[in-house]
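The values are calculated or read from the model by the stated rules, or taken from the named source; none is laboratory data. All values derive from a computational prediction rather than experimental measurement. Backbone-built Cβ (ideal geometry, glycine too); neighbour counts: all protein chains shown. In case anyone asks, the SASA skips ligands and DNA or RNA and just uses the protein heavy atoms, side chains included. Shrake-Rupley method; radii C 1.70, N 1.55, O 1.52, S 1.80 Å.
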Amino acid sequence: MLERGEVANSWRRERWDSLRLLTPNWQSRLPGHHYQGPDPDGYMTMGEVVEFIERFATVSGAPVRTGTNVTSVRRAGDGYQVTTSSGAISCRSVVIASGACNRPVVPPFAGAVPSSVTQITPFDYRGPDRLPEGGVLVVGASATGVQLAAELRRSGRPVILSVGEHVRLPRLYRGRDVLWWMDASGVWDQRHDEVDDLARARRLPSPQLAGTPGRGTLDLNVLAAMGVELVGRWAAVSDGRALFSGGLRNVFSLADLKMGRLLDTFDEWARAHGRDADVGPPERFAPTRVPEPARWRLDLSSGEIRTIVWATGFRPDYGWLEVPVVDEKGRLRHEGGVVGGPGLYALGLPVLRRRKSTFIHGVEDDAREVVGHLARHLPVRR
Amino acid sequence: MTTIDNGVNVQALLDAREVLKGAPEAAKFTWRASSKWQNGVHSTTSIQNFFGLGQEQSHKSETVFTADHPEVFAAEDNGITPIEYLLVGLASCLTAGVASVAQNRGIQLRSVESTVEGNHDIRGILGADSDVRNGFNDIKVTFTIDADASKEDIEALVAQSQKRSAVFDALTNPTNVTVDVA
Ligand SMILES: Cc1cc2nc3c(=O)[nH]c(=O)nc-3n(C[C@H](O)[C@H](O)[C@H](O)COP(=O)(O)OP(=O)(O)OC[C@H]3O[C@@H](n4cnc5c(N)ncnc54)[C@H](O)[C@@H]3O)c2cc1C
């Protein structure tokens, strides 16, 4: 196992100070290793996640070579030639587990933003006190965007949040963590070959959830009540002005309707499995309130906002992968983690084999199947 | 399963989607209109040819649209105002979307009606107040749909239709417009 940094590197280096997992403690489970602390319904801080993964590396006896950066992987004979910062390795098979979130995505028009505005990504962000004084425009309303917008607003700054398509979820539903429902009802176990539109499922943004001690919901109504101003999806920069989509109302409807359908699925599951008595009564949440009027234009040089935080998603980085298995959008071509090149595999990508694939607890089932395939591949070619 | 028919060939659209995924050049269309001044603020615009699927294409026949201003603008009212054509485009695009999405989701439609209202402060175009924009301040579309589906399913049809609508996108997001003199 080659790791360019330390064990749990992404949790050490690529996260902000206040971040906690959005998945509850009881759900943090890896093969033979799970949370055993006093607060199963709580959410780990970054320090706790690092400790959890380090402990797993120790108890599992994983042969990790830290400080070993992979700079290229090439096809060689019936295997691969791997070049690293500490020498070359020949192997029959490679499992790409380099992560789905190596680089923040920033839209091309970021280049047209006036230089008086500081631009940062979640990889640069540590906390509100490190930003210039003044207003902040947070772009993107998925897990990262809503969490940073809330934290920045609480620090007393004016915050504008630009909202595109998003996934709205309550933190608790019928008294249980909404991720308990995802898990228990089997939604999270839905397989890649059962999902209606796999390409779309793989592009789905992260849900509007935060792991806080108070277990509160962090949807757009909560943010609006905190004084965060909601605007549409940022579409373009023209003459130093940000132009936002006028379609805000529809992205709200899409998310509200989608959440309603998911809650229906949970209710049906509870009824069919006789679980109604274990949980609270069914709930429905108020539709997302549309601000009147939502601004569609913002002068970026007026000084109203001094910082832009791009919470516009992440992408993997395959700059080192010299095998033609990456598509024109920079995504790995694979079928359930089996990559086109013989002996080449992947883990940890969105809906790799199941809806839960990119979550900490999601890797176990995927890994078992992918490694099963790998083990069958090796002897055949010997 | 009973077959539903809204008159949309969804299979052809789904097939086209698969084919065009691998052929982005063929997906590039250019829509064209030619306009001619008549008199006053009256003009006619005709549309017949367009480009797409890698070659010149043509509608079955030419359509001619007449635009003018109403008598309250001291004009002859030979036809609707140009900005009203945007309402025509929006209503027909969303309606087509509702029918297509309904077909794809197996929802039989019985009737789909909508009203579109664009609120327009004409002080902008008259130059009476420089803080007032020229175009619509907002547009409101109201659908009345009779179909074999729940209220939520009908709302989802309308939401998905907006999500995939060319005209909704063109009106809600900025577009680069170049106007040259030949
Ligand atoms: C902001 C954020 C919050 C998240 N919150 C949650 C959450 O609450 N719950 C949850 O379950 N999941 C969460 N996730 C998803 C989380 O990333 C996954 O659950 C999981 O950590 C992915 O593990 P991984 O090992 O596949 O990828 P990573 O954790 O990204 O690990 C990949 C490793 O590969 C190394 N690497 C990359 N390239 C090279 C190279 N060329 N050479 C050598 N080493 C290399 C990296 O240094 C890194 O250590 C979150 C993700 C982000 C970005």
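General observations
Residue-by-condition table, conditions (1) away from the ligand (no atom under 16 Å from the Cβ); (2) open to solvent by less than 50 Å² (accessible area, probe 1.4 Å); (3) of a type in the set (A, V, I, L, M, F, W, C):
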position: A:E194; (1), (2), (3): yes, no, no
position: A:D197; (1), (2), (3): yes, no, no
position: A:R203; (1), (2), (3): no, no, no
position: A:P213; (1), (2), (3): no, no, no
position: A:L223; (1), (2), (3): yes, yes, yes
position: A:M226; (1), (2), (3): yes, no, yes
position: A:E229; (1), (2), (3): yes, no, no
position: A:W234; (1), (2), (3): yes, yes, yes
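- Candidates are the residues of the stretch B:165-177 that are of a type in the set (V, I, T) and surrounded by fewer than 18 Cβ atoms within 10 Å (Cβ to Cβ); the one that is nearest to the other protein chains (Cβ to nearest Cβ) is B:T175.
- Condition check for A:A141: within 11 Å of the ligand (Cβ to nearest atom), in a loop (DSSP other than H, G, I, E, B) and modelled with pLDDT of 95 or more: no
- Inclusion of A:V351 among residues that are within 16 Å of the ligand (Cβ to nearest atom), in a loop (DSSP other than H, G, I, E, B) and in contact with a strand residue (DSSP E or B) (Cβ under 6 Å, 6 or more places away or on another chain) is not warranted.
- Total residues in the stretch A:327-354, condition open to solvent by less than 30 Å² (accessible area, probe 1.4 Å) and either of a type in the set (A, V, I, L, M, F, W, C) or not assigned by TED's automatic domain parsing to the domain that holds A:R376 (or both): 8
- Residue within the stretch B:109-128 that is more than 14 Å from chain A (Cβ to nearest Cβ), in a loop (DSSP other than H, G, I, E, B) and open to solvent by less than 30 Å² (accessible area, probe 1.4 Å) present: no
- Test: A:S18 is among the polar types (S, T, N, Q) and within 9 Å of the ligand (Cβ to nearest atom): no
- For B:Q162: the one exception among (1) open to solvent by 50 Å² or more (accessible area, probe 1.4 Å); (2) assigned to a helix (DSSP H, G or I): (1)
- Pair list, Cβ under 9 Å, 6 or more apart: the stretch A:68-92 residue more than 14 Å from chain B (Cβ to nearest Cβ), other residue within 13 Å of the ligand (Cβ to nearest atom) and acidic (D, E): A:T68/A:E3; A:N69/A:E3; A:S72/A:E322; A:V73/A:E322; A:R74/A:E322; A:R75/A:E322
- For the stretch A:313-326, residues that are open to solvent by 50 Å² or more (accessible area, probe 1.4 Å) and either in a loop (DSSP other than H, G, I, E, B) or within 16 Å of A:V113 (Cα to Cα) (or both) total 3.
- Residue list for the stretch A:208-252, restricted to those being without any contact (Cβ under 8 Å) to a residue 40 or more places away in the chain and in a loop (DSSP other than H, G, I, E, B): A:G214, A:D239, A:G247
- Odd one out for A:D264 among (1) of a type outside the set (K, R); (2) open to solvent by 50 Å² or more (accessible area, probe 1.4 Å); (3) more than 9 Å from chain B (Cβ to nearest Cβ): (3)
- Residue in the stretch A:80-90 that is surrounded by 15 or more Cβ atoms within 10 Å (Cβ to Cβ), touching a Gly at 6+ places or on another chain (Cβ under 9 Å) and more than 22 Å from A:D183 (Cα to Cα) present: yes
- Any chance A:P293 is open to solvent by 80 Å² or more (accessible area, probe 1.4 Å), over 30 Å from A:L137 (Cα atoms) and assigned to a loop (DSSP other than H, G, I, E, B): no
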